[in-house]
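The values are calculated or read from the model by the stated rules, or taken from the named source; none is laboratory data. A quick note: this is a predicted structure, and the numbers were derived from the prediction, not measured. Backbone-built Cβ (ideal geometry, glycine too); neighbour counts: all protein chains shown.
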Amino acid sequence: MQQRAADRLPKPRDLVLFGLLPLFFLANDLYFSLVRPTRHHLWDFFTFRAAGRAVLHGRSPYPEHATVAVLAAAKSFVYPPIASYLFAPLAALPVEASEVIFFLASIACLLGALRLLGVRDWRCYTLPFLWLPVYSSLSLGTISPLLVLLLACGWRYRDERPRLAAAAIGLAVVAKLFLLPIVLWLVATRRWRTASWTAAFAAAAFLVPFAPLGWHALRRYEHLLRMLDAALGTDSFSTRTLLHSAGVGSTTSTLVVGLCVVGFAFGALRLGRRGGDAGSLALALAAALLLSPIVWTHYYVLLLVPIGIVRPRLSPLWFLPLVFWIEPNIQHFGDSWRLGVEIAAGLAVCLFAARPDFSADQVSRAGGVAPSRAR
């Protein structure tokens with residue numbers, strides 16, 4: 001009995017690699033975000049908080065003149081208005097209190113998502129804090145951890161409580177519009193009812209918050225998105241930016257991206273039809289990342305979802321996102337190699353997660369029931 005208990009104790013190597021090291025990274029993130037803030041600390045959070053304060057006072061959260069120069073400063077609120085309402089409660093609190101609450105809530109979102117995905121290995125709860133996407137997301141104060149939680153909720157309750165799953169996925173899609181291809185996973189696995197509810201929830205979450213702002217705000221928002229692509233698209237880690245930096249023309253790059261997205265979408269549909277639930281979701285996420293005109297490093301926090309589904313215990317796949325540290329800068333500075341490494345790492349995780357060696361029964365034990373064809 002004593003020998004069996006000793007076998008369950010963490011090994012010293014594990015305590016260092018999966019205990020002390022992630023704790024150091026998390027403490028470093030917390031220190032330079034809350035105690036001795038650096039220039040870009042909680043950058044996104046303050047943008048969201050300012051938008052929440054604007055709607056609290058009955059004002060539009062969007063800039064009056066959405067020019068390329070204004071948006072290039074990356075201080076303007078550019079999300080659908082529901083995000084501003086979500087941050088309104090934090091805008092009513094003192095700045096220091098709201099910072100701490102949001103930082104801790106972001107960590108809770110990541111840990112809660114892993115729990116929903118069926119991850120039980122304690123090392124898988126700490127290792128992601130060594131990933132650059134997680135470090136970047138926490139330090140910048142992005143909503144990526146919330147998106148991870150929403151997608152995990154959509155996966156966990158996809159068959160047990162389809163309306164809850166639809167609400168979670170719909171909210172994630174509205175919060176980050178590039179996630180729209182995720183709905184393809186629901187269609188591929190013939191979850192027609194959940195897909196329909198997702199569309200309904202997403203439409204309501206997108207349109208209803210515009211009502212207090214006036215419907216003219218909706219027209220202005222469309223213009224804002226066009227200007228945003230022109231202002232920040234070339235600075236991000238998107239596929240189109242990679243092709244442009246390699247000298248590929250605009251028309252050709254659009255065609256190449258379109259063909260790649262079609263290929264991943266076809267793969268997601270094919271796997272979904274064959275019962276590859278997790279693989280279909282992974283390829284749909286890959287299509288979303290490929291198609292997005294703007295991609296930042298923290299977007300890859302979403303890789304927690306396919307990894308957690310197909311590998312609920314520690315495996316080499318959990319270490320693959322460490323590759324992102326090859327390019328720790330927020331921008332790529334026009335370097336095709338840096339761009340290529342980041343994009344390739346994200347796609348590699350999705351492709352490994354889509355491998356056909358994960359049966360429906362394995363995925364069921366990892367975080368939910370096998371796919372139902374009648375949902």
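Does GLY118 satisfy the condition of being surrounded by fewer than 20 Cβ atoms within 10 Å (Cβ to Cβ), in contact with a helix residue (DSSP H, G or I) (Cβ under 9 Å, 6 or more places away or on another chain), on the phi > 0 side of the Ramachandran plot and modelled with pLDDT under 90? The answer is no for GLY118. Filter the range 342-361 for residues that are touching a helix residue (DSSP H, G or I) at 6+ places or on another chain (Cβ under 8 Å) and at pLDDT below 60; which is farthest from TYR157 (Cα to Cα)? So the residue we want is PHE358. Within the set LEU339, LEU314, the sole residue that is among the aliphatic types (A, V, I, L, M), in a loop (DSSP other than H, G, I, E, B) and modelled with pLDDT of 65 or more turns out to be LEU314. Can ALA246 be described as exposed (fewer than 15 other Cβ atoms within 10 Å of the Cβ) and in contact (Cβ under 8 Å) with a residue 60 or more places away in the chain? Judged against the criteria, ALA246 is a match.
Of the residues making up the range 188-226, just one is of a type outside the set (Lys, Arg), within 21 Å of PHE266 (Cβ to Cβ) and surrounded by fewer than 18 Cβ atoms within 10 Å (Cβ to Cβ), namely TRP192. Yes or no: PHE319 crowded, with 16+ Cβ neighbours inside 10 Å and either outside any helix (DSSP H, G or I) or not aliphatic (A, V, I, L, M) (or both)? Judged against the criteria, PHE319 is not a match. Cβ-Cβ contacts under 9 Å between residues 6 or more apart (or on different chains), taken from a first residue in the range 17-38 that is in a loop (DSSP other than H, G, I, E, B) to a second residue that is among the aromatic types (Phe, Trp, Tyr), are listed as THR38/PHE32.
Scanning the range 160-179 for residues that are within 13 Å of TRP197 (Cβ to Cβ), of a type outside the set (Val, Ile, Thr) and either in contact with a helix residue (DSSP H, G or I) (Cβ under 9 Å, 6 or more places away or on another chain) or not in a loop (DSSP other than H, G, I, E, B) (or both) turns up PRO162, ARG163, LEU164, ALA165, ALA166, ALA167, ALA168, GLY170, LEU171.
Show me the helices (runs of 4 or more DSSP H) found entirely inside the range 43-143 where at least 3 residues are of a type in the set (A, V, I, L, M, F, W, C).
43-56, 68-72, 82-86, 88-91, 95-116, 132-140
Flag not set for ALA265, criterion: in a helix (DSSP H, G or I), within 15 Å of the chain's Cα centre (by Cα) and of a type outside the set (S, T, N, Q). In the range 95-112, the residues that are more than 24 Å from CYS153 (Cα to Cα) reach residues that are hydroxyl-bearing (Ser, Thr, Tyr) with C-beta atoms within less than 8 angstrom, at least six apart or across chains, in these pairs: GLU99/SER33.
Can you tell me which residue in the range 156-186 is modelled with the lowest pLDDT, limited to those that are buried (at least 18 other Cβ atoms within 10 Å of the Cβ) and over 20 Å from the mean Cα position of the chain (by Cα)? Top of the filtered list is ASP159. The numbered conditions (1) under 30 Å from ALA211 (Cβ atoms); (2) at pLDDT below 85; (3) surrounded by 17 or more Cβ atoms within 10 Å (Cβ to Cβ) are all true for VAL55 except (2). Annotation for the range 290-308: no member residue is aromatic (Phe, Trp, Tyr), more than 17 Å from the chain's Cα centre (by Cα) and assigned to a helix (DSSP H, G or I).
Hey, does the range 234-254 have a residue that's hydroxyl-bearing (Ser, Thr, Tyr) and not in a helix (DSSP H, G or I)? Yes, there is a match, as at least one residue in the range 234-254 is hydroxyl-bearing (Ser, Thr, Tyr) and not in a helix (DSSP H, G or I).
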